[in-house]
Structure formats: C-alpha cells, structure tokens
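J.: Dropping the structure in here first, questions after.
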Amino acid sequence: MLPTRTLFLPLFLALFWSCRPETSKLTGKKIFKYNQPEALSSLDPAFARNQANIWATTQLYNGLVELDEQLKPSPAIARAWEISPDGLKYTFHLRADVYFHDNPVFVNGKGRRVVAEDFRYSFYRLLNPQTASTGSWVFKGKVLENYKGMVSDTCFKVVNDSTLNVYLKEPFISFTEILSMPYCFVVPKEAAEKYGKDFRAQPVGTGPFVFKLWDEGNAIILHKNPNYWKKDQAGKQLPYLDAVQITFINDRKMEFLTFQQQKLDFLSGIRGSSKDLILNKDGTLQAEFANKFNLQKVPYLNTEYIGFQLDPSNLRDANPALQDKRVRQALNYALNKKELVVYYRNNLGIPGHSGMVPPSLPSFNAAEVRGYSYNPVKARALLNAAGFNRQKPLRITLNTVAEHKELAEFMQKKWSEVGVIAEININQAAAHQEAVDNGRSGFFMKSWFGDYPDAENFLALFYSKNFSPAGPNKTHLKNARFDALYEKAKLEQDLEKRYQLYREMDKIVVEECPVIVLFYDEVIMLTQKNILGMKADPMNTLRLEKVKKL
C-alpha cells in the first residue's frame, strides 16, 4: 500500500499550483512538469554534483560553452574562443547581449549584462575553500599554479568586459568540455555574496527560466525568462514554454501513475518496481502504453557500481577484510551481472564485464580491458585464500538507498551462494551521498554519470589527487602507476595513444578492484505525445529551452 502522503500528493500539487500567487497567473499556460525522485539539495551551480541538481541548474544558468547534439563543445555565452599552439592559453570572447535575471540585488532590480569579470569571480568562487564546492576539482591541477602549488591569482585574467583568458599549467585536451559542466556556470557576485549560503534557494542566473519558488520537498517553480538571449533558427525568442514545475514524488509507482494521468510530461530512468509496469522483460514498452507515450533509448554515459572505501582511517568500524584485494575480487566474481540486467533491469543496460569506462565512449575496448564475469568457483577460492570459509564466513554491510533495494537483495543472494553473509543498510539519498562523499561508507552502491564525453572523466575517480569530498575519488584508491598514466594521458595530443593510456588505467582499476562495475546504463526517456523537441542523449541532459508543449 502506498503511503498516505504519496496518495494525496497529486491533489496537494493541484491545490498548490492554483493557490499560489506565483503560479495562479500561469493558468492555461504551457507548463512543463517533471518529477525529481532523488534528493535535490541546491540550485547553486557550485553544488551541481548529481543529476537532480544538474537538471534544475541547467534551466537557470549558462556557461561559456555547452555541448551540442553530437556532444561537441559549442558556443554559449562565449561566442568564440582560441587556444594557443602550446595548449596553455584559452581566450574566450563573450556575447554582449547576455543579462542576469532581474533581482533586487541589482540597481532598480534589473538584471545587468554579464561580463568577463563574472566568470573570473565564478571560477575563483568554485575554488574558494569557504564555498566548499564539490566541483573545485574541475580546475584544481589543471589551471595555472603559483610556486606553492596553489591556484594562481592570474589563471583567470580579464582582458576587457568581453574577453577572458584562462591559463593552464599544462595542456588538457578536454578542457572546453569541462567548461560545459554546470559547475562552470556563471553567477553574479552581488547575489552570491548577499544571499550567502541561502543562494542555494535564491538562485540568480542567465538561463531560459527564472526562479520563482521552492517549497522544499514539494515543488520548485520556474518561470520563463522574458529576456533570454537565445533565439531559434527562425529568430523566435526562446524558451517556448511558459514555466517549469519540478515535483518530488519519491515513490516510483506513484510517479508513473501521475505520468499516466498526464500530470507529468516526462519520465526518465525507470527503476525499481515501476519498470515492470512500463516495460516488457526485453526492454520494450508494454503494449497498452505503446500508442500513449513516446519512448527513446540511447546508451548512457553512466556506470553503476559498488565502491570500497580503501582508507580505513576514514571509518569508525572499518572492515579490514575489504582492504584485501582478494576479497574485493571474490565479491566481484560472485555476481551474475547478465542475470542482474535481464531479470532485474528488464534488459536495460549492458552487464559490467569490463572496466569503469562505459562502451558508449570511443576509447572502450572490451577485448583489451577484461573485467569480472560470473565465476562462483573462483570467488570461493579467493575467499578461502583470504582466510574465509563456512566456519569463518565473511560478513559485510552494503550501504545503498531504497531505490536500489531490489538489486541489493539480488547481490545479497549471490554472495550468500559463495558463503558471504551480507547485510543491507538502506539510507536516505542525501545521507547516503554525504556519507560516501566524506569517506564514512565502507561498502556502497553508487553511480557515475559522465560530466563530459571523455574517458578521463571516469578515470578521474581513481586519481589520488582527486580524493573526495573535494574530488570524485570516493574510494580513495592511491596507485602510483595509475597516477603516472593519468598525468601522461592529460598531456597526450595523439588520440589513439591517449585512448591506449586510458585502457591501461582501466586495467589497473580492474586489477585493484576499488569498485565492482555492475552495469553500463541506458538512457530511457518517456514523454507525453504532446511534448516536442526532447531528444535523449548519452549524457541524459535535460535542456528545456527548445521544448514545446502542444
């Protein structure tokens, strides 16, 4: 039976929408409604660390560059840029017609023009320890440093209002792709400093929609930005939509019911028990829905994995067994990943039989980077070698969230078949994220969504200078050979040579086993028939500026 709060949520939202002054004037307008089942913690791009935050901030802000439909860097607020022959200097030329949203922090409440100094401020803010951004790693180790090894105060240089120079300490092939990340969106100093920590809920950006309301746990309302700088190919002002409503229904069955009732326009990432309501076991749409909704599927830059915390000093009750590579490998061999994908994912995704890098990236080579296939005999042998048997079974606790409970129970069963006693600890999503980021979770389920379309972004999870919480290395793997290859790959200009370095790194990840790769995901997007202009891509981007609702 569904919780009472869940049952009455659609009614609450209808009343909420009709009674608020911010929303009542939009009655009859084109309002795009989507649900966010995962926790959304901030509308500040400095904390755009997960899909929930990224999707929302993408509607509110812009950066220097953005990725086009082919996932190549294209102009955004920067109309053009040049890269010096040595790859160390990037010169960005800004558009002159981009303005921040109207807000009381500006003179007469009118949004002012975005200038190069705004990007300089935003980038240094990302790096400032007082901001405590989860995205400082995107610049650390890449931009120019001083003699102390700290980020230089000249790495971001304003030439004039329309020109910004960025200086790197060494060439970095994917730097323009990095600048497309929400972490690198521009924010106004006036708002960020006036609102301080409350900027998370009082955002001021340049994007197609303007923030109006956040009733935490219930809804976020965004209105159309009447001064948005983008136009379509016919010269018509974007966005086409009048508003966006984000709801927070965390029950997947209730989410789909709300979608069926046409109270949501879009669904993504079908998971949990709702998958059997929507999809056949082969991943196709159930016959009763085939003519009601549009379905899109594409390979996803997302690797689903289980991580091990390899620094026991981070944990109060560290399990020393998980520091033994043989144990980690045994837990990997014990899982039938093909069965997991077919029966527990309705054939959505590819079994994780290679390394961390997903097959949707060009450097992927399954023949060269061989991961762990189902081999319970080998799993038992490794456990025996590590000192575990029926008389002395390995005991572990897997930390996860409610959405992955079914998968966790499947793995619990497979581990039991090789003599491992596994307990499942279900956490709230925000608490789970915080524990993993801060190294307080010894054995945990997580996802890595590609920030940009290059294998380096997936391998950055194992670079020792990227330890969380400031960086993405949540397992705290520290391997000198991996680090050397990672640093070499950053400098390699030859594409095939760089790809080979990526594969060498991924083989180290397979051998050291700081993670168990479960599967490589697929983007699945369901939309109502009256929604036009939404295209699924491997990064699962949600960009609503060109979406139409008939």
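J.: Quick one: dipole size for the chain, taken about the Cα centre, charges +1 on Lys/Arg Cβ and -1 on Asp/Glu Cβ, in debye to the nearest 20.
T.: 680
J.: How far, in nm, would the chain grow between Gln286 and Glu423 when pulled straight, counting 0.36 nm per residue and subtracting the alpha carbon separation?
T.: Details: separation 137, 0.36 × 137 = 49.32 nm, distance 3.45 nm.
Extra length from Gln286 to Glu423 when fully extended: 45.9 nm.
J.: Let me ask you something else. If I stretch the segment between Glu69 and Lys169 completely, what's the gain in nm (0.36 nm per residue apart, minus their alpha carbon distance), one decimal?
T.: Numbers: separation 100, 0.36 × 100 = 36.00 nm, distance 3.04 nm.
So the chain would gain 33.0 nm between Glu69 and Lys169.
J.: In sequence order, what are the phi-derived ³J(HN,Hα) couplings for the stretch 48-56 according to the Karplus relation 6.51 cos²θ - 1.76 cosθ + 1.60 with θ = phi - 60°, rounded to whole Hz, with x for glycine and proline?
T.: 7, 9, 9, 4, 4, 5, 5, 4, 5
J.: Among residues other than Ala460 whose Cβ falls under 13 Å from its Cβ, what is the net charge (Lys/Arg +1, Asp/Glu -1)?
T.: Numbers: positive: Lys140, Lys142, Lys465, Lys474, Lys490; negative: Glu177, Asp451, Asp454, Glu456, Asp483, Glu487, Asp506.
That works out to -2.
J.: Return the whole-Å distance between the Cα centroid of the stretch 504-526 and the Cα centroid of the stretch 393-428.
T.: So the separation of the two Cα centres works out to 19 Å.
J.: Another one. If Lys and Arg each add +1 and Asp and Glu each add -1, what is the summed charge of the other residues whose beta carbon sits under 13 Å from the beta carbon of Glu117? Spell out each step's value before the answer.
T.: Values: positive: Arg112, Arg113, Arg120, Arg125, Lys157, Lys189; negative: Asp118, Asp161, Glu190.
Charge balance near Glu117 sits at +3.
J.: Can I ask one more? For the stretch 400-408, what does the Karplus curve 6.51 cos²θ - 1.76 cosθ + 1.60, with θ = phi - 60°, yield as ³J(HN,Hα) per residue in whole Hz, taken in order and with x for Gly and Pro?
T.: For the stretch 400-408, the Karplus-derived couplings read 7, 10, 4, 4, 9, 4, 5, 5, 4 Hz, x marking Gly and Pro.
J.: Now, a different point. When the helices in the chain are scored as -39500 (n - 2.57) per DSSP H run of 4 or longer and the sum is shared across all residues, what 222 nm value do you end up with, to the nearest 500 deg cm²/dmol? Don't skip to the end; give the middle numbers.
T.: Working: 17 runs with 149 residues, N = 550.
It comes out at -7500 deg cm²/dmol, rounded to the nearest 500.
J.: Let me ask another. Restricting to the chain, what percent of DSSP beta bridges are antiparallel, rounded to 5?
T.: Numbers: 59 of 74 bridges.
Expressed as a percentage, antiparallel bridges in the chain total about 80.
J.: Quick one: go through the stretch 224-241 and flag any residue whose amide nitrogen is under 20 Å from the point 7 Å out along the Cα-to-Cβ line of Lys110.
T.: Those under the cut-off are 225-230.
J.: HN-Hα J couplings of the stretch 233-240 from phi, Karplus 6.51/-1.76/1.60, θ = phi - 60°, integer Hz, Gly and Pro as x?
T.: Those phi angles translate into 5, 8, x, 7, 4, 9, x, 7 Hz.
J.: In terms of modelled amide H atoms, which long-range or inter-chain residues lie less than 5 Å from the amide H of Val143?
T.: For Val143, whose amide H was placed from the backbone, the distant partners under 5 Å are Lys169.
J.: For a paramagnetic label modelled at 7 Å from the Cα of Asn146 toward its Cβ, which residues of the stretch 102-129 fall within the zone defined by backbone nitrogen distances under 19 Å?
T.: Counting only backbone N, you get 120-129.
J.: Give the long-range amide H neighbours of Asn425: residues separated by 5 or more places, or on another chain, with amide H under 5 Å away, using H modelled in the peptide plane at 1.01 Å from N.
T.: Leu398, Asn399, Thr400
J.: Amide H to amide H, which residues 5 or more places from Val210 or on other chains are under 5 Å from it, using H placed in the peptide plane?
T.: Those qualifying (amide H under 5 Å, at least 5 residues apart or on another chain) are His223, Lys224, Asn225.
J.: Which loop trypsin sites (Lys or Arg not before Pro) in the stretch 295-336, with loop taken from DSSP, have no more than 14 other Cβ atoms within 10 angstrom of their Cβ?
T.: Passing both the DSSP loop test and the Cβ count: Arg316.
No lab work stands behind these numbers, since they all come straight from the coordinates. Keep in mind it's a predicted model, so treat the numbers as computed, not measured. All Cβ positions, even for glycine, are placed from backbone atoms using ideal geometry, and neighbour counts span all protein chains on display.
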